[in-house]
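Notes follow once the structure below has been shown.
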Amino acid sequence: MTKKRCGIYIRVSTQMQVEEGYSYEEQKEILIKRAEHEGYDIYQIYADAGISAKNVKDRPEMQRLIKDIEKKNIDIVLAWNLKRTFRNLKDLLEVFEAMRINDCYFHFEKDGIVDPNTSSGKIHAQILGMVAEIERDGISEAVSMGMEARAKQGLYNGGTPPYGYKLVRDGTQKRNASKLEIDQTEAAVVREIFEMYLEGSGYKH
């Protein structure tokens, strides 16, 4: 009997490692063992590391996976769970349709088999997809509120400090308590630039 061919899809974010404690290597090891246990032949491993699950178009490995599904190179997609694979219900349904046409289905480590070729599979996927999208929206709102609160406290929300400032952390505080302070050396350059502009020496005036 011919073994089923599976593609292993892995998407890991830093947040996922915090919440669920599974790194890329740990996920990979568990999913490979799952494939061996089920008697699947592993066709390819597709890994989008540190990429948001907000949509599939910005995930190169997900795009490669979809192409292999359309080429009928894969019978099953092994992944961790649905909410970590999709955060957008529309994307989920589009990928599901491609899988249905090409007689392929999902086998999630946490959610079990979700088959787009069956009515129960479609319903199961839509319920999980809606929950994932609602969760994504909730996270987005929480992040926005958190950033606004930090800004009101005079704290810095991350990224490269603008020229003329430096990031200062109190050794007794956590990293997220960092603030911006004026870098006197760079500030002198900034002031000179403004003075030159006022004198008509700027690039445009």
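The values are calculated or read from the model by the stated rules, or taken from the named source; none is laboratory data. None of the values given here were measured: they were computed from a predicted structure. Here Cβ is always computed from backbone atoms with ideal geometry, including for glycine, and neighbour counts include all displayed protein chains. Just the protein is used for accessible areas: all its heavy atoms, side chains included, with ligands, DNA and RNA removed. Shrake-Rupley method; radii C 1.70, N 1.55, O 1.52, S 1.80 Å.
Between LEU180 and LYS110, the modelled labels are 3.6 nm apart [label points 7 Å from Cα along Cα→Cβ].
Each residue of segment 100-112 is assigned a 3J(HN,Hα), and the resulting list reads 4, 4, 9, 6, 10, 8, 8, 10, 8, 4, 9, 10, x Hz, derived from the Karplus form 6.51 cos²θ - 1.76 cosθ + 1.60 (θ = phi - 60°), x at Gly and Pro.
Largest accessible area first, the residues THR118, THR185 order themselves as THR185, THR118 under a 1.4 Å probe with ligands, DNA and RNA left out. Legend: distances between Cα atoms for LYS57/LYS83; LYS72/LYS110; LYS28/LYS83; LYS67/LYS90; LYS4/LYS33; LYS3/LYS71; pairs beyond 21 Å are LYS72/LYS110.
Rounded to the nearest whole Hz, the Karplus-based 3J(HN,Hα) values (6.51 cos²θ - 1.76 cosθ + 1.60, θ = phi - 60°) of segment 25-38 follow the sequence 5, 5, 4, 4, 4, 5, 5, 5, 5, 4, 4, 5, 5, 7, with x at glycine and proline. The figure for PHE194 is an accessible area of roughly 130 square angstrom, using a 1.4 Å probe on the protein chains alone.
Estimated at 0.36 nm per residue, the fully extended path between THR118 and LYS71 surpasses their Cα-Cα distance by 14.8 nm.
Take the Cβ atoms of TYR165 and ILE51, set R0 to 30 Å, and the FRET efficiency comes out at 0.55.
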